1. Calculate, in nm to one decimal, what A24 and T81 gain on full extension: separation in residues at 0.36 nm each, minus their alpha carbon distance.
2. For every other residue with a beta carbon closer than 12 angstrom to the beta carbon of R38, add +1 if it is Lys or Arg and -1 if Asp or Glu, then tell me the sum.
3. Can you check how the C-alpha radius of gyration of the stretch 22-97 compares to 2.2 N^0.38 Å, as a plain ratio?
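Each value in this text was obtained by applying a stated rule to the coordinates, not by laboratory testing. Bear in mind that the values here come from a model prediction, so they are computed numbers and not experimental data. A quick note on method: Cβ atoms are made from the backbone with ideal geometry, for glycine too, and the neighbour counts reach across all protein chains shown.
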Amino acid sequence: MKQHLHKLGLTLGLALAAAPVHAACFADYKAKMDDPLRLHYGVIELPDTACDPGAAFGVIAPRVAAGGWELLEVMSIFDETGLDVRRDDAGQFYLRF
């Protein structure tokens, strides 16, 4: 029994060590600026606490507002595997804010 618990503990420890410490969280969004009307599509990194669209909106809106933009929509939340396919479309707004 003691040996079984030791193996179980070792297995659990190895599994936890192999898990990522921090899974990156990103969102793509649409924003606008008036006078004259300008639109942009961007990609932004989010804290772990904002990895859902509702929380992301509250984080992204003030960050883009600091640059004079108004957040229109959080399109999706994704991890680092979604970055490369969005890089060209986001252009100068790729990880800018």
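1. Stretched out fully, the A24 to T81 stretch lengthens by 19.6 nm.
2. Details: positive: K30, K32; negative: D34, D35, E70.
Residues near R38 contribute -1 overall.
3. 1.02
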